[in-house]
1. Report ³J(HN,Hα) in whole Hz for each residue of the range 72-83, in order, from the Karplus equation J = 6.51 cos²θ - 1.76 cosθ + 1.60 where θ = phi - 60°; Gly and Pro get x.
2. For ALA117 and ALA69, what does the FRET efficiency come to when R0 = 22 Å and r is the distance between their Cβ atoms, rounded to the nearest 0.05?
3. With a/c under 1.5 counting as rounded, go ahead and sort the range 71-169 into rounded, prolate or oblate using the C-alpha gyration tensor (a ≥ b ≥ c being the square roots of the eigenvalues; past the cut-off, prolate if a/b is larger than b/c, else oblate).
4. For the range 71-169, which whole-number percentage of the solvent-accessible area (1.4 Å probe, protein heavy atoms only) is attributable to carbon and sulfur atoms?
5. Report THR91's accessible area, 1.4 Å probe, all protein chains in place, as a number in Å² to the nearest 10.
6. Can you list the HN-Hα couplings for the range 155-170, worked out from phi with the Karplus curve (6.51, -1.76, 1.60; θ = phi - 60°), rounded to whole Hz and with x for Gly and Pro?
7. Can you list the residues, at least 5 places off or on another chain, whose amide H is less than 5 Å from the amide H of ALA74, using H built in the peptide plane?
8. Given H placed 1.01 Å from N in the peptide plane, which residues other than close sequence neighbours of GLN111 have an amide H under 5 Å from its amide H?
Amino acid sequence: MPLDHNERQSGRDGARWRQDFPIQSGEASYAARREFTKFLGLTSTAFVFGTLIAAGRSIWKRWAAASHAPRAVARVAEVDVGAYKLFRYPTDGDPCILLRLGPSAFAAFNQNCSHLACPVHFDTEAGHLLCPCHAGVFDASDGRPLAGPPRRGLDALRVDVRNGTIWVSDPGGAST
Ligand code: FES
């Protein structure tokens, strides 16, 4: 049956439209599959990263809890009254100082000055902790600033004595 003028015109328009905007259905479905595969790949990668981050956090928490656990730093007999002992807590990068202020009086501090982190030392004659960098002075019993530029006290550690052994721990943590 012969096509009338309108059908011939629309057929020509359709052919022209396809020529101007060539979309092959095979290609279109290939592109959709590729996009979906990419989406799955990204989702899986995000999931793996999320799992690794969660595992890392859990390991770090366990490590932090272990590193802040109470630690035996000296025997009482090792430190004379008025003397001190240096140690590191909670990590090997944290210098600390243990003071024996009386027969059964001990104090321990992080050795970093609260001003600009120079290491403080114990002046046994004055009975104070001194910072040589800018002449900061701290009370040896509680670490509060007494003179010089420091406005904040030293970070104190908890000290416990059990069976002749001196233990230090994070003051916010559990005791021995
Ligand atoms: S660093 Fe200690 S007083 Fe400045």
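The values are calculated or read from the model by the stated rules, or taken from the named source; none is laboratory data. Bear in mind that the values here come from a model prediction, so they are computed numbers and not experimental data. Positions of Cβ are backbone-derived with ideal geometry, glycine not excepted, and every protein chain shown enters the neighbour counts. With ligands, DNA and RNA removed, areas are computed over all heavy atoms of the protein, side chains included. Shrake-Rupley method; radii C 1.70, N 1.55, O 1.52, S 1.80 Å.
1. Using θ = phi - 60°, the values come out as 6, 10, 6, 8, 4, 5, 6, 10, 6, 4, x, 9 Hz.
2. 0.35
3. Here the range 71-169 falls in the prolate category.
4. On the way: 2490 of 4990 Å².
Carbon and sulfur atoms account for 50 percent of the accessible area of the range 71-169.
5. That residue has around 40 Å² of solvent-accessible surface.
6. 6, 8, 10, 7, 10, 10, 10, 9, 6, x, 10, 9, 10, 10, 7, 5
7. Counting only residues 5 or more places away or on other chains, the set is ILE166.
8. Here CYS96, ILE97 satisfy the definition.
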